[in-house]
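Take a look at the structure set out below.
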Amino acid sequence: MVKECKVKLKSSDDKIFEVDYAVAIQSQILNNTLGHTGCTDSALPLHNVSSQILAKVIDYCEYHVNASSTISEKDVKMWDQEFVKHLDQATLLDLLMAAQYLGIHNLQELTCQTVADRIKDKRPEDIREIFNIQNDLTPEEEEEIRCENEWAFEEEVSP
Amino acid sequence: MAPSRMGLNDFPDSLLCLILTRVPLDQAIRCSVLSKRWKLLWRFLPILDFSDDMLYSSARLPSARLPEIQNIIDGILKLHSVSLEAFDFHGVFTSSISSAKIDEWIHHAALKDVTKLRLQFRRVVAVPTSVFTCCKLRSLTLMNFSLENMHGSFSGFPCLVSLFLVNIKLNDKTLELMLPLCPVLRGLFVLDCHGLQRVKICSTSLLLLKLDFPPSCNEIKAITAKCPRLCSLTIQIMHHVEKMEFELPICSDLSTTVSRLEPFTALKSLMKVAFLNGIYEGNVSNLHQFPYLTQICIDNARYLARNISGAAPLLKNLEQAHLNVASLNDAIPLLAYLLQHAPAMKTLIVSRQQGFDGALEFVNMLFNLPRASKEAKILLSLKNFKGSE
């Protein structure tokens, strides 16, 4: 039996979002919490999720609560791709962290795969730039790593 | 107070590893030059996927590289540290590696408590003996092997939950011996295997059983399954099997290419049935033998019942029927029967892949058939024609 109540969520910047019970329980964490406390009027604080990200998470969950029964798998996949396509790096990473924190398995899979797709086929220099990673290796250290697994670096020779 | 925007470096190691498992192995290793922190990350990958597309990013493995692969994988396994969740080994390159070496690698994985193993070699060989030492396995997929003997000292897979045997040369004895050695097995999938004659599946833990025999397979003389917890059974076999006995008291889902009901009459708990190869005539009027039947699907109905006796008791719980038919007019007797005998019918779906002439007459005929259920809704899905009422 599906509960009809609404659930209030509070983002880290104190914004309140109201969602259906079925939408909220897609998060394992919220599922467990609501299982213990039941539907209350007070908002559940989500200290690690900003309002901007929480809004996107809710978008995702609201689509997916209905998707499994009524929409074809192909259409769901297309929607998912659209959802992540134009996300900037920072938002994408924040979403991945939020999905992991909240325990939303399919969102975590989706964002994880998207980050992997953005790493794929890129040279290390490009990956560093895209994801803002500081290279703290000395040239000697870097050379040592390249020698250890020479075969993995060979393709880079081509311009 | 909003948390500051996160960079990839703020992620915990486990999350970074999760991302790295989704890129080809050579690229994951290449990430070790990104920074100090990334240097050793690849060694903690929970999944080692040695397959054609994951080992080398380039579309095709240059054949010149094949001899080196052995050393490369050796190197990777030596450097890789932690316990392994999954070890996947399949592809073109497997043909250039000696069986002894592969055995060694799998043994390596066993020492790392690997829980998921997937093996598929290019040429058919006996299952490497080290597979039987992976005692923490929860999922095992073997493709293209021969499994005719079990290793003498094999004590079983105490944690195995899913077993996939695809294109395996088996024999009755091995399969029969293997099952009791997997005490928590929940899903067994035997697909395209040959060498079996009297298939005997006895398991107190099994929930899902799928037996899919290749069309060329005609040696099977008997199939028996005795699984007190089984919920879902799929049997696909093209030729006639003399003896089929099923002791599956709580099985609720059946999907089969067998067109007769007799082998399944003991399955009194059936709720959902799919006859993938149609259903013989006499059998339709015996469907009431399944008192809990709520959903029936008849596909590719070559053997479409035509002269169905109308005197059978009602199908009290039948709510949904889906018929995918080759000839619409031949389907009318069956449709009429179902509509008349199912007082709880909610949805009747009729579909046909090809278009045909006379659609409108058929539709008229169909919608005018007497129905036992006032709520029954008929949905048609015919090529170039979609309608419902």
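The values are calculated or read from the model by the stated rules, or taken from the named source; none is laboratory data. Bear in mind that the values here come from a model prediction, so they are computed numbers and not experimental data. Cβ: placed from backbone, ideal geometry, glycine included. Neighbour counts: every protein chain shown. Each accessible area value is taken on the protein alone, full model and side chains, heavy atoms only, with ligands, DNA and RNA left out. Shrake-Rupley method; radii C 1.70, N 1.55, O 1.52, S 1.80 Å.
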Shape parameters for segment A:73-124, alpha-carbon atoms, Rg then Dmax in Å
11.4, 35
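Using only the Cα atoms, what convex hull volume per residue in Å³ does segment B:137-278 have?
Residue-normalised Cα hull volume stands at 93 Å³.
Using a 1.4 Å probe on the protein heavy atoms, what percent of the accessible area of chain B belongs to carbon and sulfur?
The computed percentage sits at 53.
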Degrees between helix B:99-111 axis and first principal axis of chain B (Cα, 0 to 90, nearest 10):
90
Solvent-accessible area buried by A and B, counting both chains, probe 1.4 angstrom, square angstrom
3700
For q = 0.05, 0.06, 0.07, 0.08 Å⁻¹, what log10 I(q)/I(0) does the protein assembly as shown give under the Debye formula with an equal point scatterer on each alpha carbon and no solvent?
-0.29, -0.43, -0.58, -0.75
Tilt relative to chain A, helix A:89-102 - C-alpha long axis, 0 to 90 degrees, to 10
50
Per residue accessible area of the protein assembly as shown, 1.4 Å probe, in Å²:
48
Output for segment B:88-165: chymotrypsin sites (Phe, Trp or Tyr not before Pro) sitting in coil per DSSP, at most 16 other Cβ within 10 Å, listed by number, reads B:PHE154
Two pseudo-spin positions, 7 Å from Cα along C-beta at B:LEU181 and at B:ASN329, lie apart in nanometres by 5.9
Using a 1.4 Å probe on the protein heavy atoms, what percent of the accessible area of segment A:1-121 belongs to carbon and sulfur?
51
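At 25 °C and a viscosity of 0.890 mPa s, what translational diffusion coefficient does Stokes-Einstein give for chain B, taking Rh as the Kirkwood radius over Cα pairs? Give it in µm²/s as a whole number.
100
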Given Cβ charges of +1 for Lys and Arg and -1 for Asp and Glu, the option among A:ASN48, A:CYS61, A:LEU96 whose Cα lies farthest towards the positive end of the dipole of segment A:37-136 is A:LEU96
With +1 at each Lys and Arg Cβ and -1 at each Asp and Glu Cβ, the charge dipole magnitude of the protein assembly as shown around its Cα centre, to the nearest 20 debye, comes out at 1980
With every atom except the alpha carbons ignored, what do you get for Rg and Dmax of chain A, in angstroms?
20.2, 63
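Using helices alone, I'd like the mean residue ellipticity at 222 nm for chain B: each DSSP H run of four-plus residues gives -39500 (n - 2.57), total over residue count, nearest 500.
Helix contribution divided over all residues of chain B: -5500 deg cm²/dmol.
Assign unit charges at the C-beta atoms only (+1 for Lys and Arg, -1 for Asp and Glu), then state the dipole size of chain B relative to its Cα centre in Debye, rounded to the nearest 20.
So the magnitude is around 660 debye.
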Report the accessible area of B:ILE332, computed with a 1.4 Å probe over the heavy atoms of all protein chains in place, in Å² rounded to the nearest 10.
20
If the viscosity is 1.567 mPa s and the temperature 4 °C, what Stokes-Einstein diffusion coefficient in µm²/s follows for segment A:99-159 when Rh is the Kirkwood radius over Cα pairs?
93
So the FRET efficiency between A:SER72 and B:LEU360, C-beta based with R0 = 25 Å and rounded to 0.05, is 0.35
May I ask you to compute the full-extension gain from B:SER98 to B:ASN368, defined as 0.36 nm times their residue separation minus their alpha-carbon distance, rounded to one decimal in nm?
90.3 nm
Considering only protein heavy atoms, what is the solvent-accessible area of A:GLU140 at a probe of 1.4 Å, reported in Å² to the nearest 10?
130
When the charge dipole of chain B is computed with +1 at the Cβ of Lys and Arg and -1 at the Cβ of Asp and Glu, the Cα pointing farthest to the positive end, of B:ALA110, B:ASN144, B:THR174, is that of B:ALA110
Scaled by the rule-of-thumb 2.2 N^0.38 Å, the alpha carbon Rg for segment B:101-151 gives a ratio of 1.05
